[in-house]
Each structure stands twice: as C-alpha cells, then as structure tokens.
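Engineer: Take a look at this one; I'll ask things after.
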Amino acid sequence: MTIDTTPLTAPIDPAELKEFSRKNRTTDTPRAAFFGSLVAMGAAFCFVISVVASAISFLLGSLATPSLLDLLAVAALALVAVGGYAVSVRALSAQEEYIYRIAMFARANGLVNEGKELDRDLPGVIFHLGRFRASFPVLRRGGGRFVEFSNYRYTTGDNSYDAYRWGYVAIKLDVQLPNIVLDARENNGVMGQSNLPVTIDREQRLSLEGDFDRHFALYCPAGYERDALYLFTPDIMARFVDNAAQLDVEIVDDWLFLYAKRPLVTTDPETWTWLLATVDAVTQKLDQWERWRDDK
C-alpha cells in the first residue's frame, strides 16, 4: 500500500483547523491538558482564598497592611494559575492539531476514521483487562481485508493516571486458527521479562528452526505443536523476523493482532511507513493459512 504522509507534517491553515475542531467535538482530552486544568483550578482557588483571607484580616484590623510575605505568596499563586492555564491551552491545542492531522491522513489514504470507541470487543489479550477501556483514534482500511489501526488504553484504578497504553493493529483472517502468541524479545524488559499483560505457561513454549527463537518466543496450546509448525513455515517466519520483530503478535480465532507498547496511530511518517510495510508483508502470506483445518 502506497501512502501519502504529507498531511502528517504539512503546514496547517489555522482557519481550517478552527473549523474542523468546531465540527469535531469528540476529542479525547489528553492527560496533560487534564492535569493543567486541575493545576489552574487549584491555583485559582488558592489565590481566591488568599485574597479573601487577607481582606478579612485587614478589615478586622489584625493586619494593617499586607506583609511582603503575603504579597509574594499571592504573586506565586498567580504565576502557578497562569502557568497551569498555559499548559492546559497548549496541550488542548496540540491535541486538536493531532486529531486534525490524523483525520487528513486517513482521508488522503482511503482509511475510515471511526474516532473513539469504548470497550472495543476484540478477543486479544489486551482488550478485556482493567476499566475505562478505549480505542482512539480508530482507523480502518476502506476496502479489501479488514485491517484496523488504533491506540488503546485501560486503567486498573479509579482514574486515568495509572493507564496502560498500547498501539495495535487488528487483521481479520479467513479461517479460525489456534491461539498462538509470538512474544517479541526486542521489546522485553531489561531483565528479559515480557511486556505482555498476561503470563503464559512456559510449557506452551515451542522452539522453531533457524534464528526465529532469537527474535520471538512462540507459545501455542498443548496438542497444537504440529499445527504451529505447519502455519509458521520458513518463509512466514522470515516475514515476521524482517518486518515485525518490534511487535508482539497474537493469533486468536480469526484475528491476528500486532501489539506495541507505544502509540501506532501517530503523526510520525516513518512509523506509518514501517507499519504499513509490515502489515502488507504479513498479509501477503495469510493465504497460505486458509488451507489449515482443525482436525481436533
């Protein structure tokens, strides 16, 4: 798939951005903007309390004139309020620009921009954990095989500050396959620990030939080892090693998922060039999998 990345970096007409933002009010408020708003409101509250307290003290005669310390405290609170407001405005402005660029990129490349979807009902390991689950933005190919690109987050607490964030690609398959996970070694932790949010039984680990094991740890259900070997022929393994070694891969039912512990729907042209090349390289070999049948 050839792509046009111009909308990701081209200068933006302020009037067009303003009109687009006016029509598009389904924006996902960024954490920085939310934090900035809280700082601004908190500082403004402290400022008002300080002024009211000083006024009451002055009227009661206990403080003839405000002290230098009082004036410095008020000035500091005012600076915090202004700074918090500036952070909030800057973050919201950056988010509006991001949403606009992604929308223009989708339009230029025949992608359908679905905006934000809550509790995306997909069978992958990341989609049924935590609370406040959301995919944003959701981009899908307009024709051919179903492919979805999105950034995903969920939380394990009562607020968004402990959110777990992923980027993913969901590819629809034409046949149901065994649940197979390829845990990429390149994105593991410094001690080699997996970054996947689930623990997989080590007894399900299957070693493959060549240098595939240097890049991925493959896990499959007991009894499906021969099926995994049938699906992951040398040419298929080469495709994953050459193009998807930075991504964790899961096959479940009639879906293939690519996971990254970072946003994949981004305004970085190089990320899109690499990502779409990876998707094309992987999907070109999926026809081989359609001949697989589960004799069990």
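Engineer: If the chain between K23 and L118 were fully stretched, how many nm would it gain, using 0.36 nm times the residue separation less the Cα-Cα distance?
Structural biologist: Values: separation 95, 0.36 × 95 = 34.20 nm, distance 2.08 nm.
Stretched fully, the K23-L118 segment lengthens by 32.1 nm.
Engineer: Separate question: Past 32 Å, Cα to Cα: identify those pairs from K261/K285; K18/K172; K23/K285, in the order given.
Structural biologist: Working: K261/K285 25 Å; K18/K172 36 Å; K23/K285 41 Å.
K18/K172; K23/K285, as the Cα separations exceed 32 Å there.
Engineer: Could you please report the charge total around I12, scoring K, R as +1 and D, E as -1 over all other residues with beta-carbon less than 12 angstrom from its beta-carbon? The partial results should precede the final answer.
Structural biologist: On the way: positive: K18, R101; negative: D13, E16, E19, E96, E97.
Overall, the nearby charge balance is -3.
Engineer: Shifting gears a bit: Report K23's accessible area, 1.4 Å probe, all protein chains in place, as a number in Å² to the nearest 10.
Structural biologist: Answer for K23: close to 150 Å² accessible.
Engineer: Continuing with the same structure: Between R107 and T233, what length comes free when the chain is fully extended (0.36 nm per residue of separation minus the Cα-Cα distance, one decimal in nm)? Working shown, then result.
Structural biologist: Working: separation 126, 0.36 × 126 = 45.36 nm, distance 3.68 nm.
Working it through step by step, the gained length comes to 41.7 nm.
Engineer: Describe numerically, in nm with one decimal, the distance between label points set 7 Å from Cα along Cα→Cβ at S93 and at T2.
Structural biologist: 3.7
Engineer: Right, something else. Counting only other residues whose beta carbon sits under 14 Å from that of L206, what net charge do I get with K and R as +1, D and E as -1?
Structural biologist: Around L206, the charge tally is -4.
Engineer: While we're on this one: Considering only C-alpha atoms, what is the centroid distance from segment 124-140 to segment 219-254, in Å?
Structural biologist: Using only Cα atoms to place each centre, the spacing works out to 23 Å.
Engineer: Given R₀ = 30 Å, what would the calculated FRET efficiency be for W274 paired with E203, taking r from the Cβ atoms and rounding to 0.05?
Structural biologist: On the way: r = 34 Å, r/R0 = 1.14.
Result of the calculation: an efficiency of 0.30.
Engineer: Now a separate question. Is segment 181-296 best put as rounded, prolate or oblate by its Cα gyration tensor, with a ≥ b ≥ c the root eigenvalues, rounded for a/c under 1.5, and otherwise prolate when a/b is larger than b/c, oblate when not? Display every interim value, and only then the final one.
Structural biologist: Values: a/c = 1.78, a/b = 1.24, b/c = 1.44.
It is oblate, given that a/c is not under 1.5 and a/b is not larger than b/c.
Engineer: Further question: Would you mind computing, in nm to one decimal, how far apart the modelled labels at A15 and D253 are, each placed 7 Å from Cα along Cα→Cβ?
Structural biologist: So the label points at A15 and D253 sit 4.9 nm apart.
The values are calculated or read from the model by the stated rules, or taken from the named source; none is laboratory data. Being a predicted model, the structure only gives us computed values, none of them experimental. Cβ coordinates were reconstructed from backbone atoms using ideal geometry, including for glycine residues, and neighbour counts include every protein chain displayed. Note: accessible area is taken over every heavy atom of the protein model, side chains too, but ligands, DNA and RNA are not part of it. Shrake-Rupley method; radii C 1.70, N 1.55, O 1.52, S 1.80 Å.
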